[in-house]
1. Give the aspartates and glutamates whose C-alpha is closer than 18 Å to that of Lys227, dropping any in the same chain fewer than 8 places away, or say none.
2. If the limit is 19 Å between Cα atoms, which of Lys195/Lys340; Lys187/Lys340; Lys211/Lys243; Lys131/Lys195 go over it?
3. Which sequence of Ser77, Ser196 reflects their accessible areas, 1.4 Å probe, from the largest down?
4. What net charge is computed for the residues neighbouring Lys221, neighbours being all others with C-beta under 13 Å from the C-beta of Lys221, Lys and Arg scored +1, Asp and Glu -1?
5. Using only the alpha carbons of the stretch 309-403, what is the convex hull's orientation-averaged projected area in square nanometres?
6. If you filter the stretch 1-87 for GluC sites (Glu not before Pro), then keep DSSP loop positions with at most 15 other Cβ within 10 Å, what is left?
7. Would you calculate the separation in nanometres between label points at Gln230 and Asn124, each defined as 7 Å from the Cα along the Cα-to-beta-carbon direction?
8. Protein chains only, probe 1.4 Å: how do Lys128, Lys170 rank by accessible area, largest first?
Amino acid sequence: MSNTTIQDVLLQLLCEIRDICDENNITYSLFDSTAAKALVLGETDEPFAKIMVRNDDFVKLCNIMEKKRIKHRSFDSMHNNPNYMDYSARYSNTETTNVSLAQRGNAFRCGIYVEIIPLRTEENSMLKHFKLRFFEHGWEKHFCRLTSLESCKYFLTTPFVNIMKIAGKKRVSRFIFDMIAKGHSGKINSNCSIKSFNQTLFDFPFDPLEKVKTVELWGEKFSISYKIDQVLRRVYARGWKQKARNSTSGANNIVLLNVSCKQFERAMKKHGDIWKKYFRKKSRQMFIKAISSYYDRQKNSIWALAKRTGARARLYFYYMPKMGLIRNLVENQDYYRLSKIMQNNRIATLLAYKQGSGFAVNKELFDIQMMLFRFEGNEELANRIEANTPKYYMKPITDPQDR
């Protein structure tokens, strides 16, 4: 692969998915930054691409890909991979490695990939809604330590899913996948949404795939929603064309074209993180104040950041993919939705304040959180937190200098 570029690998993956969808009468559309860059630039500089399909077609595609065996390719979803913790799928090149610092879990170590995102229909009853959320939260949180800040919210769902795992992790993963698939199946009549396990990311009062057209990406033609302008406005708000030109979301990825996923995994296991295992045995809350001055500082290398645990790194991985949406909400002064998204950061900030210290993921998120406190009328609280927060929190988490 010495003469191969990231764009060559990604284009080949997109063409393969396009051909499979066309052969099986599956309607798809480029989505998110992939669609925006294809429309504005005709190319993308990211080591990944995103497409969306209807929920029923998504299940159909998962069943088709489970039977296919394509060399140097993997198709991962909850349907076939119990370590995949989202209701989506990823078609990747296993001869490459794509280390993503802006995503968690299953996105962290894989090759260059195409992400397939299902459009979910609305649940037809409140009972079904709570039932699906119960299993989704439980499945996601069983990957996390019980000492994490969010675990107390899922004290029922996490043990329940862990007990279910006695029957087999793969079987439970397939069961939850089938439950979600059935809960969101059917024709899209008016409303649909794209959801993560934590929240609704985007909702659409129309069917984005009711009608599609074509767009060129690196000279190849791909399907795109006829209402893509409305779709991207829901994702990026106003000015999505300018943001597509200036977007640098691929900067959070390290891509190794000549190193396979398996080779990378073996190297990571060989240089195992001993102190991370130690932290799993202890509650971080017992000594957070004593070590946070070192623990939450920037690390010397990107690998040290990749292997670390803790609230700051966890929230960094959580918020970086959402920064475009957060900036749009700030710009539009939509403080209600902004406060919902910033809830996890708020909890971590208040917890550190009660322990007599400060906390921030980075300066931008810290300033937004202080703005929300002042908007709520907590001017004095914001001033105290600003006074208590050490200056090193204001530096980027990946700063090369560990001061």
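1. In chain and number order, the partners are Asp32, Asp203, Asp207, Glu210, Glu216.
2. Correct reply: Lys187/Lys340; Lys211/Lys243.
3. Listed by decreasing accessible area, they come as Ser196, Ser77.
4. Net charge in that neighbourhood comes out at -2.
5. Dividing the Cα hull surface by four gives the mean projection, 6.2 nm².
6. Counting only loop positions with at most 15 other Cβ atoms within 10 Å, the GluC sites (Glu not before Pro) in the stretch 1-87 are Glu43.
7. In this crude spin-label approximation the distance works out to 2.5 nm.
8. Sorted descending by solvent-accessible area, the residues read Lys170, Lys128.
The values are calculated or read from the model by the stated rules, or taken from the named source; none is laboratory data. Note that the coordinates shown come from a computational prediction; the quantities given were computed from them, not determined experimentally. Heads up, the Cβs are rebuilt from the backbone with ideal geometry, glycines too, and the neighbour counts pull from every protein chain shown. Accessible surface is based on the protein model in full, side chains and every heavy atom, while ligands, DNA and RNA are left aside. Shrake-Rupley method; radii C 1.70, N 1.55, O 1.52, S 1.80 Å.
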